[in-house]
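Chemist: Got a structure for you, questions after.
The numbers here are math on the coordinates, done by the rules we state, and not lab data. Values in this document were obtained by computation on a predicted structure and should not be read as measured data. Heads up, the Cβs are rebuilt from the backbone with ideal geometry, glycines too, and the neighbour counts pull from every protein chain shown.
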Amino acid sequence: MKFDVNRLEWTHRPARFSIGEDRIEITTEPHTDLWQRTYYHFRNDNAPVLQTETEEKFFSFTVKTEFESKHRFDQCGVAIYLDAENWLKASVEYENRTFGHLGSVVTNNGYSDWATAEIDAGVKTMWYRLSRREDDFCIECSEDGRIFRQMRVCHLCRGGGAIRFGVYACSPEDSSFTAIFTDMEMTECKWLAHNGQKPDEPITRFGRFPL
């Protein structure tokens, strides 16, 4: 499966960007972000996301990010944006000169979560691998593009049909930086089917039906 940059479309088109066959650059604009309600009780929905659409139920998308972020919450990474209230993103967010946050946000039905781990502020490159198995998703990261570590497994309530996925960059506060995306690849699903406990049998009002 080829990741075709000619099929990419913006959610919010930034003023400064470039798209090539093997390289995408996005220069962020101040006060751009994606977030819905939880904890902060505000809603932000103006980050530029550059995406392609697919109905493929099982695949993995890998991308390398390079960034010189320098202000709190500057971020860039991988995303699935279905609509304002249903999406996910994974990125490194700048915090201060000591550390940043390697994390992910999953938003279902208008409520966001945020799962993070501290990472050295000197890290300015990160690979991501986003994998889909129907309406479930796995996000992984790598510092060398070879060894990937799981960040999270999640579900999108509206992620069962055609979806849009790709890359994003934003600066929630008064700042700007340039994010570079390369090594974009769409492959067969590298997130293997679970080989442990079997799925539960479906339950109806008449009892259980064997699978």
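Chemist: Using +1 on the beta carbon of Lys and Arg, -1 on that of Asp and Glu, and nothing else charged, what's the dipole of the chain about the Cα centre, debye to 20?
Modeler: Charge dipole of the chain: 460 debye, to the nearest 20.
Chemist: Over the Cα atoms of segment 132-211, what radius of gyration and what Dmax do you get, in Å?
Modeler: 18.4, 59
Chemist: What translational D, rounded to a whole number of µm²/s, comes out for segment 50-144 from Stokes-Einstein when the hydrodynamic radius is the Kirkwood one over Cα pairs, at 20 °C and 1.002 mPa s?
Modeler: 153
Chemist: Roughly how large, in nm² to one decimal, is the mean projection of the convex hull of the alpha-carbon atoms in segment 108-176?
Modeler: Computing the convex hull of the Cα atoms and averaging its projections yields 6.3 nm².
Chemist: If you don't mind, there's one more thing I want to ask. What number comes out for the charge environment of T182, summing +1 per Lys or Arg and -1 per Asp or Glu over other residues with Cβ under 11 Å away?
Modeler: Computed value for this residue: -4.
Chemist: So if R0 is 41 Å, what FRET efficiency would I19 and D136 give, r being the distance between their Cβ atoms, rounded to the nearest 0.05?
Modeler: With R0 = 41 Å, the Cβ-Cβ based efficiency is 0.85.
Chemist: Right, next: State the number of lysine pairs found in the chain whose Cα atoms come within less than 27 Å, restricting to pairs 8 or more positions apart or on distinct chains.
Modeler: 17
Chemist: If you take the Cα Rg of the chain and divide it by 2.2 N^0.38 Å, with N the number of residues, what do you get?
Modeler: Against the empirical 2.2 N^0.38 Å value, I get 1.04 for the chain.
Chemist: Now a separate question. All other residues with a Cβ under 11 Å from the Cβ of E29 taken together, and with Lys, Arg as +1 and Asp, Glu as -1, what is their net charge?
Modeler: Every neighbour counted, the sum reads 0.
Chemist: Same structure, new question: Per q in 0.13 Å⁻¹, report the Debye log10 I(q)/I(0) for segment 1-119, using one uniform scatterer on each alpha carbon and no solvent.
Modeler: -0.55
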